[in-house]
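A.B. asks: Here's a structure for you.
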Amino acid sequence: MSIFSREFSTREKVLLLVLVLIIIAALYYLFIFQPVTNRTKSAESSAADLETQLVALDTKVAQIQRMQKSVEEYADNGHIISIMPSYNAGKQELVFLNSTLAASEDYYVGFTNITRKGNQIRREFSLKFTVENYEEAENILNILEHSDLRCLISDFSVKPVEKDFSVEDGEVEASCVATFYETMFGGVADAELPEDSSENKEEVIGTYEYEPGSLAK
């Protein structure tokens, strides 16, 4: 006799009902509750990540706005706004020096060392050149200091080529120490890049000398 041909007792009916409810609950948990819970947790995690990114972006925007305001104030005070090119801008700087010194009768450029502190690169060099008069020497220095490339000059000196003349009377020989500034933002590290001196390390990258007309090569 088949078990389904007889009438179930009340106890059996209760047990079957409980079993059906358990199966329905398990199916609900596996196919509805758990996936929805997982998606909710994933959405909450994504929302938290987005909020963190938004906070970081807001901070960056605020920094950029402060920097822009500082630059505008700097320019409003009559200062020259220059840029720091990305490392390595050595060739660009050499071409600029060559064009600037083209009018001089004789010149010498010696790059002494390259230093790095954080994201800032300093490319120091010594400069000596001969021009027809003091005014031309001043003009070359003004071009260097007021160029788009950030270049700071120190230890400037000038003397007449002929000992019997003053600096106002004829050819003069000018010399100075100068520094080009670059940044690692957008730059690509190479074998010439020195170690970061912010970690109490500083590397000297030799001495490079250039003859007139050779800087653009």
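A.B. asks: Every residue in the stretch 109-124 that is farther than 14 Å from Met84 by Cβ and without any contact (Cβ under 8 Å) to a residue 60 or more places away in the chain, please.
C.D. replies: Within the stretch 109-124, Glu124 is the sole residue that qualifies.
A.B. asks: Continuing with this model, one more query. Given the criteria at pLDDT below 90, surrounded by 11 or more Cβ atoms within 10 Å (Cβ to Cβ), under 30 Å from the mean Cα position of the chain (by Cα) and farther than 15 Å from Leu94 by Cα, does Gly206 qualify?
C.D. replies: No: the conditions fail for Gly206.
A.B. asks: Same structure again: Please verify whether Glu72 is surrounded by 11 or more Cβ atoms within 10 Å (Cβ to Cβ) and modelled with pLDDT of 90 or more, treating the condition exactly as stated. Talk me through it step by step, then tell me what you get.
C.D. replies: On the way: surrounded by 11 or more Cβ atoms within 10 Å (Cβ to Cβ): yes; modelled with pLDDT of 90 or more: no.
In short, no.
The values are calculated or read from the model by the stated rules, or taken from the named source; none is laboratory data. Since the structure is predicted, the reported quantities are computational estimates derived from the model, not experimental observations. Here the Cβ is made from the backbone with ideal geometry for all residues, glycine too, and neighbour counts use every protein chain on show.
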